[in-house]
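The values are calculated or read from the model by the stated rules, or taken from the named source; none is laboratory data. What you are looking at is a predicted structure, and each value in this text was computed from that prediction instead of being measured. Here the Cβ is made from the backbone with ideal geometry for all residues, glycine too, and neighbour counts use every protein chain on show.
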Amino acid sequence: MTCQATGQIHAYLWLINGLPPSGSRVQLSPDKRILTIRRLTRRENKGPYVCGIQNPFFSNRSDPFTLDVAYGPDTATIVHTVDEYPVGANITLSCSADSNPPAQFIWLQNGQSVSNSATFSIIASLSDAGTYTCTASNSFTGLTHNASKTIIIYAPLSKPAILISNKTAVESKDFSMTCKAKGQINTYQWFINGLAPADSRIQLSRDKRTLTIRRLTRRENKGPYVCEIQNPLFRNRSDPFTLNVAYGPDGATIIQTPDVYPIGIRVNFSCSAPSNPRSQFTWLYNGRFFSNTSAVFVTAALRHTGNYTCIASNSVTGLVRNQTKIITIYAPLSKPTILTSNNTAVETKDFSLTCNGTGQIHAYQWLINGLAPADSRIQLSPDKRTLTIRRLTRRENKGPYVCEIQNPLSRNRSDPFTQYVAYGPDIATIVQTPDVYPTGANITFSCSAKSNPSSQFTWLHNGQIFSNAASTYVTATLMHTGTYTCKASNSFTGLMHTQTKNITIYDGPDTAMIVRTPDVYPTGANITFSCSAQSNPPSQFTWLHNGQRVSNSATFSIIASLNHAGSHICIASNSFTGLMLTQTKNITIYAQLSKPTILTSNNTAVETKDFSLTCNGTGQIHAYQWLINGLAPADSRIQLSPDKRTLTIRRLTRRENKGPYVCEIQNPLSRNRSDPFTLDVAYGPDTAMIVRTPDEYPTGANITFSCSAQSNPPSQFTWLHNGQHVSNSATFSIIASLNHAGSHTCIASNSFTGLMHTQTKNITIYAQLSKPTILTSNNTAVETKDFSLTCNGTGQIHAYQWLINGLAPADSRIQLSPDKRTLTIRRLTRRENKGPYVCEIQNPLSRNRSDPFTLDVAYGPDTPRIIPTVDQYPVGANIMLICSAKSKPPAQFTWFHNRKKLRHSAKLSITNVSLNHAGTYICHASNSYTGLNSTKHKTLTIYAKEKNTTLSAEDKNLTINAEFTIYENLMKHNKTINSTSFVIENGTAVLTCNTEDEDLPDIWWYFNNKRLILNDRMTLSEYGQTLTIMPVKREDSGAYRCEMWNPFLVHTSNSFNLVVSYGPEEIKILPKHVHGQIEVLLKKKLILECWANSQPPAQYIWQVNGSSISGNSGNTYTISQASWEHAGTYTCVAMNKVANTTISTKITVKVIEASGGSSLSGGTITVIVAGVVGGVVLIGALIYFQFILEPAGEVLDETHLNYQ
């Protein structure tokens, strides 16, 4: 604009809205006559403009001049209506665009022109579907904007039908149903028993048109099934479809009947098997075809014994099942007979009876005297057919014996059999008569002996047979003196027994009498023999020992030895009568018995087997006796031989039969016992026991397998892993790897007992789970739509777990798959569902988490906002309309004016407006990701003549609030607004740019007055409002500010000083020391200075020889005049109270005496060093107070800072 004037003009002056020009876009010529507006805007630059002219005495102003800015169309906007219609619906499409002058509109359908007005209507048919584009144009600005809307027309849907994948649905196989339909189908839905499918075996195709049932079952999956087709306006359902599932046969079952039958009985066979369709049945007899019916019968004969198999089959499922029944037919049993092993049963010998029968004999049974055999000497063969009597006796074993034969349906008994036992002779016994007779006396000899059959007798006189009768007699003469022997014999038993009697015939002496003394003596005893006989004259005596003369006197003595045992005969003779009489005395001499020993029958005593012990002794043994644990044997399993020398233990046990055992040998004068003998019974292994340890291990773990089993001798162990040999020891260890998983079997064996036992332990090895990843169902997460995340992991995964913002899902819109692997969010929202999401995979020994996954939710556009809110403008004004809408990704905008598309842009500029620009302007915001769009209407009134207007409160507050927001509320601490705050290094710093205006589109961050470049530790929130630094480092200290942009203003916050606290670190003590030692001259000054890198600067404490020194809290410690007492260890402790950390170092101070020399003294050096160090400290303090502490910051105890 040029200020046109005449006269003596010294200066030009411009006023805009009554104020001098101030915007950077307003430029004046050097003489200020011409005012140029760069990048004209409809709102800021409409004026009014006034130019003034001046000279030293006069001034004048032009009339106000208001600019009519032509703009637009900004955005073509289609009035928000539904996108889907049924056939026959009335559809009205209306387009608007903010423009000055008003926009011209053209409507296109699929690229073809259909209308030149902002609004037009149609009656919907399928051909009307497609994309409708509204083009808004402004011939003044030359701008054009388009807005598009896609219309879908739906016709009613016809009833769908269900098609099946196979002719027959077979149990345990997969089966598919497809929903067949025509029309505009958007979605398919299935119902089973009126409900949506929920079984994990039900799978739907991606378009949900096909439903597949995995591993079909007859009960759960019969339906009915209904499929529904849908579009946004119509839906229809198929007729219900019920599955006829073919199954079976499950198992062939033969109806329970007996397994045994007598001849002639009707035997029925009936078979059943659940099946659809019904089973076909086949009967086999001993593998050969028998019948094709489910039921059949036979009349029992012996040939019908055998295997009967029912085979049930289903030609549809292809399954075959069978069951077998064994039938036995029995004929009646005939009477058995008893056969003997020998012609004659002889006492003390073994004798056997055999039950002889014919037919189908299953069992034999014996009865003795009507009772089952109970004597331990009665033994039966394994089949109980033969009965053997050990050591037959005449009384106990004569019977009668009966044998019985049996089968399940019949039994019969033999006739009773009585045993005729041959025995004897037991003892030959001579009837008691005198042993001496006078000549002429009648002497009768009579002998008897028990025997069956009766004994045969023979009498001998002095070894010569003189009679074969049991009784005989003689008339005594001296020749009849001598030995008479009765011999009794039995030819059946082969036994023979004798008895001897000595007869003396005399005429005197009458009788030789030996004085009565004991008959048994121990060796070393004094034995006196004395004999007497009535005789006249007195008898002469002679003693014989075992037939040898030993004495001619009536009495003599001996010292007993074993040689003196035997027969001692006293002979009394009378030389006058010629008679001689004898008397015999038998003496037994016993030596002391030696200790017996116990001999065993086997090398090893094995549990459950028989074992014998024999008492082995020497000497004159009359009897044996056994003691077990000091007591006589009482257990029924303990058996003694007839002479009791051998002890046999039946079915040996480790506990009851270990002893100790002692055997004792005896005679009338002596006894002796063996040493105790304890049985070392071999047994086991009883049970193999694996020491209880966990069943699950991580790879790399040390696993020890240990097996034990009670056994004697100790068991030999073998370990198998999945059937393969791995160790021969009871205990072995492995370092776990996946190959070690499986079955570990311990085999415990004992070569002595021949027994073996096993136990198995199953081990599972888990490898460390690798980090899972999160896979998404779609490329884009769109608000209000469903979205799924799948936890993708490898390895031995037992469970999945999801965390949202560190917590387990609790929202009812969050749904997890049955295995919790997939998380589905129903009706996604931008704020509640952005996450972060973490999925965790687990097994009993390991777990791992995915990296956090934050959802970038596409949403909007919400409802647009049009600024400014002024609705009235004069002709010729310049108007700039700006449309904004919350949307992600950012919305595309189209402006419409009176339903005509103007342009595709968020901004609509109308310059030099005319009355044609009046009308309705529509901002149409759309988002191609979400498929959503929204509109905002604004009606502009254009007036021809001047009209005073004022800004609305909203427009006024736009600028005022912006200034206030930016400069006072832009960046707030959560307590008091400070310009400096501490955060501890490696903590988290959160800076928030508080805009209070959610529609400001751009936020920039600056660090130390330069545009902030994000590093890998920095993240910005969705709109850039929040800057998070994690972990924060010391190099992040500095001044931060944020800058916000909108189309009209740029706002900048105050600087915020972030100070990162760290240290103390790198502590050292000056002056420089050698090997940790500083020397100071006696009576000289020493200044120690401590320095540590720390933010804020460290606080210091000095310690001397471990004790803190009060009053020395600075970084220097001064010794004014060194003495010997000052020698020692000096420790400097540096502390950072913000970071709550400390660090220390120490040196040794040595005090020495001064020596000659021209070099600088220690005190001078100390002063110089102290001066230099003090200068450094002073400069550091000035920097610190100037740049850091001047705005005193607040020290926070927490590492996490949150600023708003």
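Determine, yes or no, whether Arg549 is assigned to a strand (DSSP E or B) and either among the basic types (Lys, Arg) or on the phi > 0 side of the Ramachandran plot (or both).
yes
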Sole miss for Asn667 among (1) under 30 Å from Gly619 (Cβ atoms); (2) loosely packed, with under 15 Cβ neighbours inside 10 Å is condition (2)
Six or more apart or on different chains, Cβ under 7 Å: which pairs go from a residue in the range 235-260 that's farther than 15 Å from Lys222 by Cβ and modelled with pLDDT under 90 to one that's assigned to a loop (DSSP other than H, G, I, E, B) and of a type outside the set (Ser, Thr, Tyr)? Could you list them?
Asp250/Ala273; Asp250/Pro274; Gly251/Ala273
Matching option when the condition is closer than 21 Å to Thr317 by Cα and modelled with pLDDT of 90 or more, among Ser200, Ser176
Ser176
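Residues are listed down the side, and each one gets a yes or a no for (1) under 20 Å from Cys923 (Cβ atoms); (2) at pLDDT below 90:
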position	(1), (2)
Gln54	no, no
Phe58	no, yes
Asp68	no, yes
Ser99	yes, no
Gly111	no, no
Out of (1) under 29 Å from Asn1140 (Cα atoms); (2) among the β-branched types (Val, Ile, Thr); (3) touching a His at 6+ places or on another chain (Cβ under 8 Å), what's the single condition that is false for Val1080?
(1)
Looking at Leu816, Leu755, Leu789, can you tell me which residue is crowded, with 19+ Cβ neighbours inside 10 Å and either more than 18 Å from Arg830 (Cα to Cα) or basic (Lys, Arg) (or both)?
Leu755
Run down Ser733, Ser749 and say which single residue is in a strand (DSSP E or B), hydroxyl-bearing (Ser, Thr, Tyr) and crowded, with 19+ Cβ neighbours inside 10 Å.
Ser749
Can you tell me which residue in the range 376-426 is farthest from Ala331 (Cα to Cα), limited to those that are β-branched (Val, Ile, Thr) and in contact with a Ser or Thr (Cβ under 7 Å, 6 or more places away or on another chain)?
Thr388
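Residue by residue, here is whether (1) among the small types (Gly, Ala, Ser); (2) within 30 Å of Leu669 (Cα to Cα); (3) surrounded by 13 or more Cβ atoms within 10 Å (Cβ to Cβ); (4) in contact (Cβ under 8 Å) with a residue 40 or more places away in the chain holds:
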{"site": "Ile571", "(1), (2), (3), (4)": "no, yes, yes, yes"}
{"site": "Lys585", "(1), (2), (3), (4)": "no, yes, yes, yes"}
{"site": "Asn602", "(1), (2), (3), (4)": "no, no, no, no"}
{"site": "Val606", "(1), (2), (3), (4)": "no, no, yes, yes"}
{"site": "Gly630", "(1), (2), (3), (4)": "yes, yes, no, no"}
{"site": "Asp643", "(1), (2), (3), (4)": "no, yes, no, no"}
Please specify each residue of the range 883-942 satisfying the condition of being touching a residue at least 40 places away in the same chain (Cβ under 8 Å), of a type in the set (S, T, N, Q) and farther than 26 Å from Asn45 by Cβ.
Ser887, Ser926, Asn927, Thr930, Asn933, Ser934, Thr935
Strands (runs of 3 or more DSSP E) contained in the range 193-289 and holding at least 2 residues buried (at least 16 other Cβ atoms within 10 Å of the Cβ):
210-213, 225-230, 235-237, 260-262, 266-272, 280-285
Unmet criterion (only one of (1) assigned by TED's automatic domain parsing to the domain that holds Leu19; (2) in a loop (DSSP other than H, G, I, E, B)) for His80:
(1)
Those residues of the range 92-112 which are assigned to a loop (DSSP other than H, G, I, E, B), under 24 Å from Ala70 (Cα atoms) and not small (Gly, Ala, Ser), in sequence order
Asp98, Pro101, Pro102
For a quick check of your reading: which strands (runs of 3 or more DSSP E) sit entirely within the range 3-65 and have at least 2 residues that are among the acidic types (Asp, Glu) and closer than 20 Å to Asn912 by Cα?
none
Look through Thr293, Thr324, Thr358 and report the one residue that is surrounded by fewer than 19 Cβ atoms within 10 Å (Cβ to Cβ) and not in a loop (DSSP other than H, G, I, E, B).
Thr324
Looking at the range 929-939, which of the residues that are within 19 Å of Tyr71 (Cα to Cα) and either surrounded by 19 or more Cβ atoms within 10 Å (Cβ to Cβ) or of a type in the set (A, V, I, L, M, F, W, C) (or both) is farthest from the chain's Cα centre (by Cα)?
Lys938
Search result, residues across the range 1022-1080 that are small (Gly, Ala, Ser), at pLDDT below 90 and within 30 Å of Trp1102 (Cα to Cα):
Gly1076
Looking only at residues that are touching a residue at least 24 places away in the same chain (Cβ under 8 Å) and under 30 Å from Arg219 (Cβ atoms) in the range 284-301, which one is farthest from the chain's Cα centre (by Cα)?
Ala295
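Restricting to the range 235-253, count the residues that are within 37 Å of the chain's Cα centre (by Cα) and closer than 17 Å to Ala169 by Cβ.
The total comes to 3.
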Quickly run through the range 450-501 and pick out the residues that are basic (Lys, Arg) and either within 23 Å of Leu581 (Cβ to Cβ) or assigned to a strand (DSSP E or B) (or both).
Lys487, Lys501
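Results for (1) buried (at least 24 other Cβ atoms within 10 Å of the Cβ); (2) under 60 Å from the mean Cα position of the chain (by Cα); (3) more than 16 Å from Thr135 (Cα to Cα); (4) modelled with pLDDT of 90 or more, shown as yes or no for each residue.
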| position | (1), (2), (3), (4) |
| --- | --- |
| Gln892 | no, yes, no, yes |
| Phe896 | yes, no, no, yes |
| His904 | no, no, no, yes |
| Ile910 | yes, no, yes, yes |
| Tyr921 | yes, no, no, yes |
| Asn927 | no, yes, yes, yes |
| Lys947 | no, no, yes, no |
Take the residues in the range 2-27 that are among the aliphatic types (A, V, I, L, M) and surrounded by 15 or more Cβ atoms within 10 Å (Cβ to Cβ); name whichever of them is farthest from Asn55 (Cα to Cα).
Val26
State yes or no: is Ser535 without any contact (Cβ under 8 Å) to a residue 60 or more places away in the chain, in contact with a Gly (Cβ under 7 Å, 6 or more places away or on another chain) and farther than 30 Å from Tyr423 by Cα?
yes
Of (1) assigned to a strand (DSSP E or B); (2) out of contact with any Leu (no Cβ under 9 Å at 6 or more places or on another chain), Ile1087 satisfies every one except (2)
Determine the pairs where a residue that is in the same structural domain as Ile1087 (by TED's automatic domain parsing), located within the range 1123-1138, has a partner that is in a helix (DSSP H, G or I) and among the hydroxyl-bearing types (Ser, Thr, Tyr) with Cβ atoms under 8 Å apart, the partner being 6 or more residues away or on another chain.
none
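When the range 66-77 is examined, which residues are found to be of a type in the set (A, V, I, L, M, F, W, C) and part of a loop (DSSP other than H, G, I, E, B)?
Matches in the range 66-77: Leu67, Val69.
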If Ala103 satisfies every condition in (1) crowded, with 21+ Cβ neighbours inside 10 Å; (2) aliphatic (A, V, I, L, M); (3) over 30 Å from Ile879 (Cα atoms) but one, which is the exception?
(3)
